[in-house]
Amino acid sequence: MVDAIIQLLLHFAIPALVVAAIFIALLMFALPREVRTVFKREVKSYFVSPIAYVCVVIFLVISNGITFWFGGMLESGEAELYRPFFQYMPWYFIVIAPAVGMRLWSEEQRLGTMELLMTMPLAPWHAIVGKFLAASVVVFAMLVLSFPIVMVVNYLGDPDNGVILAGFVATFLTALCYLAITSAISALTRSQIVALLVSIGVCLAVWLSGLPPITDAVDNLPRWNPFWPLLKLVTTLGVLPHFNEFAKGVLGFRDIVFFLSFIAFFLFATAIAIRAKRA
Amino acid sequence: MIEVRNLSKHFGDKVAVDNISFTVKKGEVLGFLGPNGAGKSTTMRMVTGYLPPTGGSVSIGDADVVDDEIAAKSKIGYLPENAPLYSDMTVDDFLRFAAEMRGVPASKIPAAIDKAIETCFLQRVRHQSVDTLSKGYRHRTCLAQSIIHDPEVLILDEPTDGLDPNQKHEVRGLIKRMGETKAIIFSTHILEEVEASCTRAIIIDRGKVIADGTPEQLKNKAENAGAVLVSVTGSAVASLRPELEKLSEVNRVESVESGDHAVTVRVFPNKGKGGALSAAIFKAAVDKNLTIQELKVEEGRLDELFRQITRSDIEA
């Protein structure tokens, strides 16, 4: 028992906390004051309104429920979390990430505070990054609060906690991709509901386009098909293969680059949407 | 301090602002007048850098609003139309946020918040959440936000909108006081506000500047400026008007009220002869044996000028 706890600390809790500490340190020291100010305001705003709590609770209920009832975690007899737990995560976040991110820019436009924010002496990317980081804190909180499942699996067996950590990181990065998409879409509308629904649609498309049946179908299309390059491009943008590699514990440089450039692309798209709205 | 050169803004085919130029120096308060939809807010949004102009340029001090965005914006305090606020914050938190965003040094933020709260009379609500505030308080909270960093330039879009008469009076006084050390532009469609706190006023209509001057200069442009309003009683009131029309000083006579024994007319002077008009009217009335009840040289009013030169939507 003591060994198990030490194992858990060494291979899971400590690396996870180190990552979190680096994340926070980066935020507090490396980022400009404007980003920090926007970030602080947004985080506070998430946690004074019920939205963050509702999202966190729904996420925890669904993710744990599915793991035990449908994932067959206990019946499988294997001490791992990919099959019963992580493989479903991107599906939940298709709905949860847009629910967290829908207010980012649409609320700003509805209240008219966009005009206030955009006439303050800050570059648009300060606000975009600050808001995005605030939303990612909510997602981060969800994942941190999923820790009991790690304790359960460690109590029952002897899992590879490194792989479990990789699963969390993969889930987090996938959720951030969805949040970046939501951020861009919420910049286009003043209605949170529209932002939510459209974002769910786009996130779903981005997820499905990486699903093996679809990627295989596209690969099997004859190359002379006029839509082939476009379809190929869409399937290349699929998040799923990168998530799977990562969640199975294969930390590929390519996958990290994919996630980061995917997020950067949609944050850039947010900037373009904001600029277009102002003109 | 504020220099606007040939500023234009088109929304698709619609021309919202058409080639406007003006400057505001430090110590000036510029009143921005115009009917609804004349382009006041659009102009202010371009001056603050929120909307990119279609043509022309704006500079704040040495900084161009488009090319040197952040330097220009840091000199400005802005109260947008309808005073938008983050509804989930308290007044205190909101002002702290504004101060941090505006780059007030951390050590000076508490003092800056206290000062803004005092200036805008927000003491009673400072710990209250913004969405529980009445309209007047919301407006003043947003005003407090715009002055928290003691900016050199203030752009206020309808600063007295939604305030009660006492608050309106306070805000006008505040604008006038601050105008001594800053460059201020504010828009309004309450004309007495312009007289109360502006050193200069611009009237715009359909995106164009149609009058520019001190409130006095503008008032003198009004048709009624210098006209004499005279009321007489007596048995021969009907003879007054023809008698006045004979005078060389008189351009035309307009009847305001007429009865059997009392008549009120407005007499418009010929150019350059306004000074002698009252005396001539007095003499004419006495000659006809009429009793003068009232004789008044009219000042010309801004609202008359405003009606004269801006076309209403109804006519268009």
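With a 1.4 Å probe, what is the total accessible area buried between chains A and B, in Å² rounded to the nearest 100?
Values: alone 14360 and 15740 Å², together 27500 Å².
About 2600 Å² of accessible surface is lost on pairing.
Pull up the cross-link candidates among the lysines for residue B:25, meaning alpha carbon to alpha carbon under 18 Å and not fewer than 8 places away within one chain. Leaving aside lysines fewer than 8 places away in the same chain, those within reach of residue B:25 are B:73, B:75, B:176, B:182. Among A:165-177, B:254-266, sorting by the average number of other beta carbon atoms lying within 10 angstrom of each residue, highest first, gives A:165-177, B:254-266. Counting, for every residue in A:109-118, the Cβ atoms of other protein chains within 10 Å of its Cβ and taking the mean gives 6. Dipole check for the protein assembly as shown: with +1 at the C-beta of Lys and Arg, -1 at the C-beta of Asp and Glu, and the Cα centre as origin, the magnitude is about 740 Debye. Average accessible surface for the stretch B:74-169: 39 Å² per residue, computed with a 1.4 Å probe over protein heavy atoms with every protein chain in place.
With Cβ to Cβ distances under 13 Å as the rule, what net charge do the other residues near residue B:134 carry (K, R +1; D, E -1)?
Numbers: positive: B:124, B:135, B:138, B:140; negative: B:131, B:164.
Residues close to residue B:134 contribute a combined charge of +2.
Counting Cβ atoms of other protein chains within 10 Å of each residue's Cβ and taking the mean over peptide B:84-91 gives 5.
Taking only C-alpha pairs under 8 Å that are 6+ residues apart, what is the relative contact order of chain A in percent? Before the final figure, lay out the partial values.
Numbers: 311 pairs, mean separation 67.0, N = 279.
Over chain A, the number comes to 24 percent.
Here the accessible area is traced with a 1.4 Å probe on the protein chains. For chain B, carbon and sulfur cover 48 percent of it.
For chain A, the per residue solvent-accessible surface stands at 47 Å², with DNA, RNA and ligands left out and a 1.4 Å probe.
Projecting label points 7 angstrom from Cα along Cα→Cβ for residue A:68 and residue A:24 puts them 3.0 nm apart.
Indicate the gyration tensor shape class of chain B (rounded, prolate or oblate), computed on the Cα atoms with a ≥ b ≥ c the square roots of the eigenvalues: a/c under 1.5 is rounded; otherwise a/b larger than b/c is prolate and the rest oblate. Prolate is the answer for chain B, as a/c is 1.5 or above and a/b outweighs b/c.
Approximating the spin labels as points 7 Å out from Cα along Cα→Cβ, the residue A:251-to-residue B:295 distance works out to 10.0 nm.
Does the stretch A:2-278 come out rounded, prolate or oblate, given a ≥ b ≥ c as the square roots of the eigenvalues of its C-alpha gyration tensor, rounded meaning a/c under 1.5 and, failing that, prolate meaning a/b above b/c?
On the way: a/c = 1.84, a/b = 1.22, b/c = 1.51.
Oblate is the answer for the stretch A:2-278, as a/c is 1.5 or above yet b/c matches or exceeds a/b.
Only aspartates and glutamates eight or more places from residue B:26 in sequence, or on another chain, were considered; those with a Cα closer than 12 Å are B:3, B:152, B:180. Shielding of peptide B:47-59 by partners, expressed as the average count of other chain Cβ atoms within 10 Å per residue Cβ, is 2.
When you filter the chymotrypsin sites (Phe, Trp or Tyr not before Pro) in the stretch A:194-263 for DSSP loop state and at most 14 other Cβ atoms inside 10 Å of their Cβ, you are left with A:224, A:227. Note on the stretch A:2-278: with neighbouring protein chains present and a 1.4 Å probe, carbon and sulfur make up 75 percent of its accessible heavy-atom surface. With a simple spin-label model that places each label point 7 Å from the Cα along the Cα-to-Cβ direction, the separation between residue A:264 and residue B:134 comes to 5.4 nm.
The values are calculated or read from the model by the stated rules, or taken from the named source; none is laboratory data. All figures in this text were calculated on a predicted structure; none of them were measured in a lab. Neighbour counts run over all protein chains shown; Cβ positions are idealised from the backbone, glycine included. Heavy atoms of the whole protein, side chains included, go into the accessibility calculation; ligands, DNA and RNA do not. Shrake-Rupley method; radii C 1.70, N 1.55, O 1.52, S 1.80 Å.
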